[in-house]
Each structure stands twice: as C-alpha cells, then as structure tokens.
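Here is the structure we will look at, set down as structure tokens.
Each reported figure results from applying straightforward, stated rules to the coordinates on display, with no laboratory input. Computed from a predicted structure; not experimentally measured. Don't worry about glycine lacking a Cβ; one is built from the backbone with ideal geometry, like all the others, and counts go over all protein chains shown.
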Amino acid sequence: MPELERFSVLLVCSGNICRSPTAEGVLRQMVKAAGLEPYVDVSSAGTHGLHAGEAPDPRARSLASRRGYDISMIRARKVTAADLARFDLVLGMADEHVEELNRLSAEAYRERIRLYLDFAEDTDELEVPDPYYGGPAAFDRAFDLIEHGAQGLLEHLRWELERRGVELP
C-alpha cells in the first residue's frame, strides 16, 4: 500500500507568539496522544512578520508549561501564499486572520481557510481573543478556548483521515 500523504494543519494569529503557537503545541500533543502523529502535521504562523524568529511570548510559554505543554521550540514566522497551497486546513484565530488569509490565497485554496473555533462544540465564542495586551486572565481564557477548539479539531482530523482510508489506532 502506498504511503498516505499526511494531513497538514496551519494555525494562524497575528504575530505567531501567543495564540497560534499555543494552539500548535496543544494540537500536536493531542495528536500524539491519540496516535495520529504519523498522519498529521501541525504548524503555525502569523499574518505579520514583526516577531519572525522569536520564541512564543514568555507568558504563553509559562502558561503552556503549567498546563503540561511545551511550546518553547516554536519560532514565529509569517504566513505565505505558498502555505495556503501546501496546508490542507488553515485556521485563523479571529475573523481578521481569516480575511487576511483569504486576501493572500488563490481562489482554489480558499475552501481550506476557516476559523479555529469552528471546530469547538458547545461554545458561543467565534474567535480566540488576543491575550497579548491582557493579564493572566486573558491568557487563561485564550488557552481554555484553544484547548476546547483542539478537542473538536482532533475529531475532525480523525474524520479526515478515515475519509482518506487511514486505519486509525
């Protein structure tokens, strides 16, 4: 049987130092725990490149560590048009990110672009708020939404993989 192409997910926020690297770390760990790591690639980027090359915000790293996730190895980068062709699913943390991704994307790839919280069940929230200018409560709230969204996204990934014929663990 030929090797199946991995399903790829790109998580996008503004600077790629708070929300999207946190979501990358959370989703990666959930994918690994579910035994899906051989089948799924997870990455993150920002709609602007002001923090390119930087580690995630120290507050995000600290909170992630306290909650059992390691995001220290992630480095910020700016999303590119090539990313929109490469990734199977591109998820913005807020409407402004989805709008920017749609501007950057060729028409053929726009169906891949969605809001991250589209996958979160049982929530009225549509966007993950930017905690950058907030205090600890803002980071906690964003993290809670990110974890919640990742749980729903994990179920979507299982569905996508099964649709591709992958026999899941």
Tell me what the chain gives for mean residue ellipticity at 222 nm when only DSSP H runs of n ≥ 4 count, each as -39,500 (n - 2.57), the sum divided by the residue total, rounded to 500 deg cm²/dmol.
-13000 deg cm²/dmol
What distance in nm lies between label points placed 7 Å from Cα along the C-beta direction at GLU107 and ASP41?
2.7 nm
Residue-wise, which Karplus ³J(HN,Hα) couplings in Hz belong to the stretch 79-95, taking 6.51 cos²θ - 1.76 cosθ + 1.60, θ = phi - 60°, and x for glycine or proline?
5, 10, 4, 5, 4, 5, 7, 7, 7, 6, 9, 10, 10, x, 6, 8, 3
Considering amide H positions built from the backbone, and no H for Pro or chain starts, which residues 5 or more places from CYS18, or on another chain, come under 5 Å of its amide H?
ASP57
List the relative contact order of the chain as a percent without decimals, with contacts defined as Cα pairs under 8 Å and 6+ residues apart.
26 percent
Among [x] 13; [y] 26; [z] 18, the entry that matches percent of Cα pairs over 29 Å apart as calculated here
[x]
Taking amide H atoms as placed 1.01 Å from N in the peptide plane, list the residues 5 or more away in sequence, or in a different chain, whose amide H sits under 5 Å from that of VAL90.
LEU10, ILE113, ARG114
